[in-house]
Each structure stands twice: as C-alpha cells, then as structure tokens.
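A quick write-up on the structure given underneath.
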Protein chains: 2
Amino acid sequence: MGIYADKNRKTKQLIQRSFMQMLESKPFESITVGEIAKTAQMNRGTFYLHYTDKFDLLEQMEQQLFEDLGSHIDELQSRYSVMHTFGEGQEELAAALFRSIQFHVPALKIFLGDHGRAGFHIRFRDALAEKVRSHLEKDENFHAKGKVPMDYLLSFITSAFLGLIEQWVRNGLEKTPEEMAALYMNIISFIQKR
Amino acid sequence: MGIYADKNRKTKQLIQRSFMQMLESKPFESITVGEIAKTAQMNRGTFYLHYTDKFDLLEQMEQQLFEDLGSHIDELQSRYSVMHTFGEGQEELAAALFRSIQFHVPALKIFLGDHGRAGFHIRFRDALAEKVRSHLEKDENFHAKGKVPMDYLLSFITSAFLGLIEQWVRNGLEKTPEEMAALYMNIISFIQKR
DNA sequence: TTCAAAAATGAACAACCTGTTCATTTTGTT
DNA sequence: AACAAAATGAACAGGTTGTTCATTTTTGAA
C-alpha cells in the first residue's frame, strides 16, 4: 500500500461526494451504506474497503473539516498576532475568519443542520475555542482582566460567533464576509449600549 | 379512549424514563425499539401502541421540553416586563432563567450532547429566540438602536447564552444559577472593556 | 508488454431491526 | 360480572448490516 494511494484517494473522494450529495436531501440516520454505494455507482463491499461504518465516514469528514479550517485559522493568527485581541484589527481579523469559513460552507450547512450528526456544533465549537484560547493567551492585556473563568468565556464567545455563522448560512450567505465582520462589530457595540 | 388516559400516560412515562436512561450511556442512533421495550420490561408491540417511531418518541419529548421551558419563560417575562432589556433587573432575570433551566438539565444534558438528535441546539435556540424577540420588542429603547438585523442579533445573543448553559452543564452544574447570572454579567462587561 | 499486487466486484451468509398483524390474555372501569 | 381498552407473544416479510470468498478489473513497475 502507498503506491495505490491515488486510486484510494479518488475512491474515497467519490464516496464522500456522493455522501454529501445525499445529505442535502435526507438525514444521516436514514442513509444506508447500500444507498451510498448505489449513488457512487460502486459495489457495497467497496465502501467497506475504505470505511468501517457510515459513522466512520462522517467522522473522517468532520476531522478533515476541522483540520482544514484549523490550519486556515492558524495562518490568520500568525498574521494578526501583533494586534491585541480587542484592538484595532479585530474587524479585519473577523472578516478574514468569515472568509475562510465561507469556503467550507457547503459542508457546514449540512453538519450544523439536522441532517448531520448530533453534537457536531459542540465538537466544532471546541475546535474553534482551542484556537481562540491560544490567541487570547498571547494577549498580555487579557490576564489583567481576570474575574471570568476561561472555559465559560470561551464557550460564550465561540458560541456567539458560531450563532452568527449559522444565521449567515441559514440566510443563504446573502452578506459578504466583510459585511458579516461589520455586523459582528455592530452587535458588540450594541450590547455595550445597555 | 380518554377513560384510560391515566394508564396510557403511565406507560408513556415508563417508556420515556427508560429511553432517557439509555440515552445516558448510548447514542440515539444505536438505540433500538426492542431495547427500549426490554428496558421498560414491556412487549415491543406495546411501544408501537404509543409511538410510531423512536423518532416520534424523541420528537414528543423535545416538544414537551420546549413547552415546559417556554411557559416558565413566559411567566418570567410577564414578571420582569417592567424593566428594560439591558436595564437594572437584567441580572435578576438571568438568574431566574438559569434557575428554570436548571430544572430541565437532565434532559438538556442528553439532548444537547452527542447522544441526542442532530440539530437539537438549533431547534432549542429558535424556541428561545422567539421568546427573546417578543421580550425585546416590548423594550421601546430597542428600536432606536437599530443598525443590527434582528435575526442576527437574536442568533448571537441566544447562541451565546446557550453556550454558557452548555458549559455549565458540562461542568456538572458546579455553580448556582445566581453565580451563573453574575458570570454572565461579568462576561458582558468584559467584552465592553476592549 | 507483461505481470504481480492492489482494488473492485458480485454473490452469498447469518444476524439483526423494523413495522405490522392477529389471536389471546391482562387490566381497568362501570 | 361484563365490557372495553391495553398489553402480550408470536409470527411475518422486507430491509440493513458487516463479513467472506472466488473472480475480475485496474494499476504501477520491471
């Protein structure tokens, strides 16, 4: 093995594409391995040559999404690491974030909706929170502000951000990433004017 | 029918209790009707006398949760309707909210986690958002602040709040509702100090 | 081009789950 | 006690699962 990596990758991609296509019209639970194979026009046994389960399939796709988005975010963080978390470049950073998320919307639309797998939003949020945590910890201004437990703060912030993304996806991406970033800033300042 | 309502209710409760008990140790997808019946020590056919599906069962339980929590919130809103949304009584209102949620934590713990059904957090958030919307609309201070689309604002706020709840549940309810309310206020003010 | 290894196929398999039916028994109400 | 609703047990066909095995197709390298 290893020499036939291309072939295997292609087959896996075919399975994944077919699977995603089906997930648009029916929920994960009601999709059978047989149907996936039929859609991908391959033998059912071939599926089991690459995945142990339909759960395994979805898990690998989730993992892949997290890795892809994670490396995007890492890249952003190194580029914006100079700025303070709540400083000048916040809107710019947010826009960049919305931009990289926009790229993965087809998958997110499915995984976050009710055709995906239970608990995805938590796994996604946790992955996001980990990135935000390391970003926050580099901000020397952060520590002084104390008083708020990190886990709750992260859960609050990332959930709120994810909520915005969900609404964005639900509205059919009718706004540009830059508009979303501006919207984000407006909401923050709205909450300030209590 | 109707005369035997008690008997039916009891059987349904037995099914629901058994179901919830199983959901603590295994995910919804892997639970079979046969297992539910076995746990509840009844014939499999009896299950089908009360629910068409295991999906039907979960749906009814979700619905029930929304109704219960919804009426609690309605009650709160009428009690706190005098105050402005972001006014003095906000912390008190938040505490009351956390208190009524605390009551439903056993169910929420399951439904929000990865043993539940996909998309629950969205359905829950939507139900919550509807309550918050009507509350916001009564606040005459709200309209003037404009500039932020209602749907995004609601999604942001309710997701953030739900994120706090999720973290609370995850941490095993180690804080009182009042502490959570204080925490909530602290986070809000933390975000202000940018 | 040839050839061996890897991948895909088709078919079969037992085991399980589903939803429904039906005759029978148990339970609750009057 | 008598009637009606609820629960039972058993059976049913239809479908899904994951695995096996012999066979064919595809692939990359000699």
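The values are calculated or read from the model by the stated rules, or taken from the named source; none is laboratory data. All values reported here derive from a predicted model rather than from experimental measurement. Because the Cβ atoms are built from the backbone with ideal geometry, glycine has one as well, and the counts that use them run over all protein chains shown.
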Tell me, please, whether a residue that is within 10 Å of chain B (Cβ to nearest Cβ), within 19 Å of A:GLU67 (Cβ to Cβ), in a helix (DSSP H, G or I) and modelled with pLDDT of 95 or more can be found in segment A:140-158. yes
Cβ-Cβ under 9 Å pairs, at least 6 apart or on other chains, segment A:1-16 side away from chain B (no Cβ under 14 Å), far side within 8 Å of DNA strand C (Cβ to nearest atom) and among the β-branched types (Val, Ile, Thr): A:THR11/A:THR46; A:ILE15/A:THR46
Looking across segment B:1-46 at residues that are basic (Lys, Arg) and near DNA strand C (Cβ under 10 Å from one of its atoms), the single one that is farthest from B:LEU58 (Cα to Cα) is B:LYS7
If I filter segment B:141-156 for residues that are touching a residue at least 24 places away in the same chain (Cβ under 8 Å) and within 14 Å of the chain's Cα centre (by Cα), do I get at least one hit? no
Are any of the residues in segment B:99-106 within 11 Å of the chain's Cα centre (by Cα), closer than 26 Å to A:LYS26 by Cα and of a type outside the set (S, T, N, Q)? no
Among the residues of segment A:3-31, how many are crowded, with 18+ Cβ neighbours inside 10 Å and among the polar types (S, T, N, Q)? 2
Can you pull out the helices (runs of 4 or more DSSP H) entirely within segment B:32-117 that have at least 1 residues that are of a type outside the set (S, T, N, Q), buried (at least 17 other Cβ atoms within 10 Å of the Cβ) and within 16 Å of DNA strand D (Cβ to nearest atom)? B:33-39, B:44-50, B:54-80
